[in-house]
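> Let me begin by handing over the structure; questions about it come next.
The values are calculated or read from the model by the stated rules, or taken from the named source; none is laboratory data. Fair warning: this is a prediction, and the values are worked out from it, not measured in the lab. Please note: Cβ atoms are built from the backbone with ideal geometry, for glycine as well, and neighbour counts cover all protein chains shown. Accessible surface areas use protein heavy atoms only, side chains included; no ligands, DNA or RNA. Shrake-Rupley method; radii C 1.70, N 1.55, O 1.52, S 1.80 Å.
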Amino acid sequence: MRLLILLLTSSLALAAFAQSDGLSPSAPDGLRKGGTVGQDLPAPPIAGDPRSVKREVRSYPEQPPVIPHTIRDYQVDKNFNRCLDCHSRESAVRAGAPMVSVTHFMDRHFQVRAEVTPGRYFCTQCHVPQTDAEDLVDSNFKAVDQVIRDSVAGGRND
């Protein structure tokens, strides 16, 4: 019983100490700008609507294409997928939209099915809308074509 009282007392003291910013050092460098670890800062504004570019060049094979339109208020859940209103096999031509890839009809055993398989049904697991958002961090990412060109150029003995 004494141990329980001691644990409760120490946890209350620790909670009071944390509330007094005793455990709230400055935030580490990263995506968080300023403040302390314990502070609640306002969220950054939501990025603007998609850019005017209709289709982006993909940076590597099998990269999921980005969504060139807004998907705000789209219902995508186990009961309904609004994306398939335009991108299904039946609707793509009428809607003027690209049909979902044939890979979306393959199950985990690579058997082709008549419907989009559950593993590929939730579009935003892989696809994101284009926006005018600024990069959160600097990146030295290079598209695979650039990596190949650089390796070929680096291998020359000029």
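> Computed FRET efficiency, Cβ-Cβ of Val93 and Asp40, R0 35 Å: what is it to the nearest 0.05?
My answer for the efficiency is 0.10.
> Further question: Which FRET efficiency, nearest 0.05, do Asn79 and Val57 yield, Cβ-Cβ r, R0 25 Å?
Working from the Cβ atoms, E equals 0.10.
> Still on this structure: Quick one: what Rg and Dmax do you get for the stretch 47-131 from the alpha carbons, in Å?
Final numbers for Rg and Dmax: 13.3, 39 Å.
> Considering the stretch 110-152, what Rg and Dmax in Å follow from its alpha-carbon atoms?
17.2, 43
> Using the basic label-point model (7 angstrom from Cα toward the beta carbon), what is the Val66 to Ser101 distance in nanometres?
In this crude spin-label approximation the distance works out to 1.7 nm.
> List the residues of the stretch 79-102 whose backbone N lies under 13 Å from a point placed 7 Å from the Cα of Val112 along the Cα-to-Cβ direction.
101-102
> Shifting gears a bit: With a 1.4 Å probe and every protein chain left in place, work out the accessible area per residue of the stretch 40-152 in Å², rounded to a whole number.
Dividing the accessible area of the stretch 40-152 by its residue count gives 81 Å².
> Only Lys, Arg, Asp and Glu count, each charged at its Cβ (+1, +1, -1, -1), so figure out the dipole size of the stretch 47-131 about its Cα centre, rounded to 20 debye.
Values: 12 positive and 9 negative charges, 26 e Å.
Computed about the Cα centre, the dipole is about 120 debye.
> For the stretch 47-131, which whole-number percentage of the solvent-accessible area (1.4 Å probe, protein heavy atoms only) is attributable to carbon and sulfur atoms?
54
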